[in-house]
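Encoded as structure tokens, the structure appears first; notes follow it.
The values are calculated or read from the model by the stated rules, or taken from the named source; none is laboratory data. Please read these numbers as outputs of a predicted model, since none were measured by experiment. Please note: Cβ atoms are built from the backbone with ideal geometry, for glycine as well, and neighbour counts cover all protein chains shown. Ligands, DNA and RNA are stripped out before the accessible areas are found, and what is left, the full protein with its side chains, is counted by its heavy atoms. Shrake-Rupley method; radii C 1.70, N 1.55, O 1.52, S 1.80 Å.
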Amino acid sequence: MKLGLAIRELHRSETALAKDLLKVADRHAVEHEVHHVAHDLARWSHAHLRDLADAGRHYDVHLSGDAPVPSAPLTALRTTASELTGRRPEPGLVLLADLRRLHRKAAGVSLDWELLAQGAQAVKDTDLLALATRCHPQTLRQLKWTNAMLKILSPQILAS
């Protein structure tokens, strides 16, 4: 059975998404909506990591349930850089690139949740299916947020 591989891959992609959400939140601290929402969305990914670690034990997959912790010096550096550059046009392009990367990562995580749900259905693992059914909508909301932010910010940034 390869569900353990699917759980491991989803854990890896969810970890990467959580790390990037925190990086983007710190890098764009002056963009208050981005900063606060990205931190909130990272908390969802952290909860998913704990749940995936629990689910992995049933498939002999040992994963950390701990959330990735950003480096304190790098976080301070990103926040300071964000404050120094403020609302100049160049950080706008960096924000678009960051949101674009987050969107692609969230899309990958969404696909991984879908695959895990299909596998759980095939083997009739109701607990794993319930996990995917509970977590996947939150990933879809992460995806919708990045898409909405790209649509809102891109005309303003690209036309300036």
Determine which member of the set Ala76, Ala47 is of a type outside the set (Lys, Arg), under 15 Å from Arg27 (Cβ atoms) and part of a helix (DSSP H, G or I).
Ala76
Go over the candidates Asp54, Asp40, Asp26 one by one and state the one that is touching a residue at least 24 places away in the same chain (Cβ under 8 Å), among the acidic types (Asp, Glu) and either in contact with a Gly (Cβ under 9 Å, 6 or more places away or on another chain) or assigned to a helix (DSSP H, G or I) (or both).
Asp26
Across (1) over 24 Å from Met1 (Cβ atoms); (2) open to solvent by 50 Å² or more (accessible area, probe 1.4 Å); (3) among the hydroxyl-bearing types (Ser, Thr, Tyr); (4) modelled with pLDDT of 95 or more, Ser160 clears everything bar (4)
Does His62 satisfy the condition of being closer than 30 Å to Lys151 by Cβ and at pLDDT 90 or above?
no
If a residue must be surrounded by 17 or more Cβ atoms within 10 Å (Cβ to Cβ) and either over 28 Å from Asp127 (Cα atoms) or not aromatic (Phe, Trp, Tyr) (or both), how many such residues does segment 31-46 contain?
9
Residue list for segment 102-138, restricted to those being part of a helix (DSSP H, G or I), crowded, with 16+ Cβ neighbours inside 10 Å and among the charged types (D, E, K, R)
Lys105, Asp112
Taking interchain pairs and intrachain pairs at least six residues apart, which have beta carbon atoms under 7 angstrom, with the first residue in segment 136-160 and farther than 19 Å from Lys105 by Cα and the second open to solvent by 40 Å² or more (accessible area, probe 1.4 Å)?
Ile157/Leu93; Ser160/Pro89
Only one of Ala6, Ala81 that is over 14 Å from the mean Cα position of the chain (by Cα) and modelled with pLDDT under 90:
Ala81
Which residues, counting only those in segment 139-153, are over 19 Å from Ala97 (Cα atoms) and surrounded by 18 or more Cβ atoms within 10 Å (Cβ to Cβ)?
Thr139
If a residue must be open to solvent by 70 Å² or more (accessible area, probe 1.4 Å) and not charged (D, E, K, R), how many such residues does segment 1-25 contain?
2
